[in-house]
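Participant: The structure's right below; bear with me while I get my questions together.
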Amino acid sequence: MAPVLAAALSSLRLDAQAAPAETPADTLRIQAEWNVARLQPRDGQLTFTMSRLPSAGDGQLVVVVGRSDLSALLDVAGTRVRLPLYGQRLDAGENEVRAYLARTDGAWLEIGRFPLRLLDRAGFESFAMRPKLDLQSSGQLHAHAASGAPQATGRGDTYQDLALNGGLDGTLSRDGWNSTVQGLVAGATREQARLRAAQLGPRAPELDLASYAIHLTRPGVGFDVGHLSIGDDRLLVNQFRSRGLSASVTLPHGLQLGGAGTAGSEIVGWDDPFGIARPSHRLVLGTIGFEALPSHPGMLRLALSTLDGSRQPTPSFQQGAVTDREESRGTGAQLIAGDPSGHAHLTLGIARSRFTNPTDSALSGGSTLVAVRPESRSARFGELRVDVLRGAQIGPAPTTLAVTARHQRVDPQYRSIGAALQADRDEDAIETTGSIDALQVQYSLGRAHDNLARISSLLTTRTRTHSLNAALPIAQLLRSSPGAWWWPQATATWLVVDQRGDRVPPNGGFRLASQVPNQHTRNLATALAWQRAAGSLSLHFNRAGVDNRPSDGTPTDLVTDVAGATLALTMSPALTLSTDLSSETVDDVARGFRAHTRRIGTQADWRPVGHTTFTGTLSLAGNEDPPATRRAHNVDVQLEASQGFNLYARPRDGSQARIFVRYTLSDAQLRLGQTLQPTLRQWAMNGGFSLRLF
């Protein structure tokens, strides 16, 4: 049928070129009765209406849907024509329906052309799912350790571990709803490598759920299930990430409502799939937002948040910490305003939180402790950003300047489970960002102090910070040609921090005035970088100084200088080389001692053919510490050969499977005074494979 249809359509195009621009008024026409703007089911029926009853001289009615001639399925009853689609192999999405009259003289006359949007076989407007499953094996084939040295792994000379990572991500839409789906599972044969090994130990599942997220939206409505981030109030709930549920709806007149519930800490695993099963380990957040000018979002917005949270002494799955029970309830408000031109932007916020630290018998150890009283405290912040210069000119140089002022105060004992803030602290800062021609500069000045309640037994610390960042592409400044490779990109960073205590607090645990901190820290970093297709070169220098200034005047300066260079060369598409040189000097001014560390590292990557790769690294390091009469030299070598191949598919982004063999050698020498310690030399041979199943 396809060759006949192609020949007929070719003949039709030739006839159409010779046909007159107008057709007789009595020519039979056909009109679609379905809504061409909406998607139609694949097993539905198309209905047409003809302009009049067909006659013998009109010819045979032919209907083509996409690339398929479905004329044999037509049911003509008077002026109505029905075309069932059930069982037909038609493409989902956009199609075109064309109707012709095939006349007895061989000419085809087009009498109608209509769009047809079809759902897919599952009834979705669009459906795209991409599964992923990777299998990795890595282990030690053989090893040798220096005499008397402990084994690095404690597992013997030979072992092999298997790990699995699988997931699914995709998008689908139907009836105005759009959804994205993502999921990831992780498995490991080795107990210590399992996802919840730190929490469950030997009980950790070999295959566990790492994350999943379902995002469902339609105009004005949104739902989220799985791992998500909630809250945009920096004082109450600020991008708190965990597993949970959230919903939002946009109402008329700029009103927005939202609600969310999550676990009290970031969780993984198959347990508690929605994250809200335990009331004692759960955060519940409600939000109300109001856009005073819905046609200009962000010009004047008020946002209110309320939080009710409780957390058990269960840290996040990757956090090794001793935690305590916590509960907090609070409310927060934020006001965001801006001018129509976008030159000024103001954000104000305030929050009030009641924090409770219930008694935890697991931490008290059976002792009688004084109960911590619930406390209600406040926090506030403000930020104003003004574009002083935008699109201005200083001579021929385009110039910009923006100034930002910030203030934040967090009361003593303020605590909200949903936001990581340092309590008992008042901060102010001003920041300027600007550019003159190619030069970009950022400067900030900040001050902070604690002990806001002025408790006499607590140390009050005052901090002042100055920072300056600058970047200058010299070639752009000099309007050099693109081939002027000798002009580098220059960057510089300067940071100064002064931190001092006000006085010696009585009954504060300080015995001497010299124990009260009075520290001046400074850091200067500069770099020059050249970038070309054949390679790159960068030179960098960093000086960091710490000056402790006790009241007795004893100097305790410590200055660290680090200088280095990095050279990378692309010898050919298959061969790259790089070398890194660094020198570090630590100068203890108070004692008049210096320690030196020198390092050189090289790396090569060679891909001679296909998916074959050879890599190698060599690192030489030397350390000299005269005060300790200590000298050390270390040599580290790593060589790896890997081969990729495809089993049943040819993916675009590399090979489907890869095996590797890796050899590592470590050689350490240490001299203490005039005594040379025995050389510690160890090597290992590792190997494994990775397989992308799909």
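Participant: Just checking, which of Ala277, Ala321 is at pLDDT below 95, within 26 Å of the chain's Cα centre (by Cα) and not in a strand (DSSP E or B)? Reasoning before the result, please.
Facilitator: Working: Ala277 fails: within 26 Å of the chain's Cα centre (by Cα).
One residue alone meets the criteria, Ala321.
Participant: Now a separate question. Is it the case that the stretch 674-689 has a residue that's in a loop (DSSP other than H, G, I, E, B), free of Cβ contacts under 8 Å to residues at least 40 places away in the same chain and either in contact with a helix residue (DSSP H, G or I) (Cβ under 9 Å, 6 or more places away or on another chain) or surrounded by 15 or more Cβ atoms within 10 Å (Cβ to Cβ) (or both)?
Facilitator: No, the stretch 674-689 has no match at all.
Participant: What residue, of Ser578, Ser655, is crowded, with 16+ Cβ neighbours inside 10 Å and not in a strand (DSSP E or B)? Quick ask: steps written out before the conclusion?
Facilitator: Working: Ser578 fails: not in a strand (DSSP E or B).
Criteria check complete, one pass: Ser655.
Participant: Here is a list of conditions, (1) closer than 30 Å to Arg89 by Cβ; (2) of a type in the set (D, E, K, R); (3) in a loop (DSSP other than H, G, I, E, B), and Glu110 meets all of them except one; can you say which number that is?
Facilitator: The number of the failed condition is (3).
Participant: Is it fair to say Gly289 is surrounded by 16 or more Cβ atoms within 10 Å (Cβ to Cβ) and in a strand (DSSP E or B)?
Facilitator: Numbers: surrounded by 16 or more Cβ atoms within 10 Å (Cβ to Cβ): yes; in a strand (DSSP E or B): yes.
Yes; evaluated as a whole, the condition is true for this residue.
Participant: Follow-up question, since we're still on this one. Among Thr612, Thr585, Thr629, which is the only one that is over 27 Å from Ala163 (Cα atoms) and either surrounded by 15 or more Cβ atoms within 10 Å (Cβ to Cβ) or within 33 Å of the chain's Cα centre (by Cα) (or both)? Walk me through how you get there before you give the answer.
Facilitator: Values: Thr612 fails: over 27 Å from Ala163 (Cα atoms); Thr629 fails: either surrounded by 15 or more Cβ atoms within 10 Å (Cβ to Cβ) or within 33 Å of the chain's Cα centre (by Cα) (or both).
Going through Thr612, Thr585, Thr629 in turn, the sole match is Thr585.
Participant: Then there is this: Checking the conditions here, which among Phe614, Phe593 is at pLDDT 95 or above, aromatic (Phe, Trp, Tyr) and over 23 Å from Pro488 (Cβ atoms)? Spell out how you get there, then give the answer.
Facilitator: Numbers: Phe593 fails: at pLDDT 95 or above.
The match here is Phe614.
Participant: Oh, and also: Looking at (1) within 30 Å of Asp502 (Cα to Cα); (2) out of contact with any His (no Cβ under 8 Å at 6 or more places or on another chain); (3) in contact (Cβ under 8 Å) with a residue 40 or more places away in the chain; (4) part of a strand (DSSP E or B), which one does Arg462 not meet, given that it meets all the others?
Facilitator: Here Arg462 clears every test but (2).
The values are calculated or read from the model by the stated rules, or taken from the named source; none is laboratory data. Computed from a predicted model, the values in this text were never measured in an experiment. All Cβ positions, even for glycine, are placed from backbone atoms using ideal geometry, and neighbour counts span all protein chains on display.
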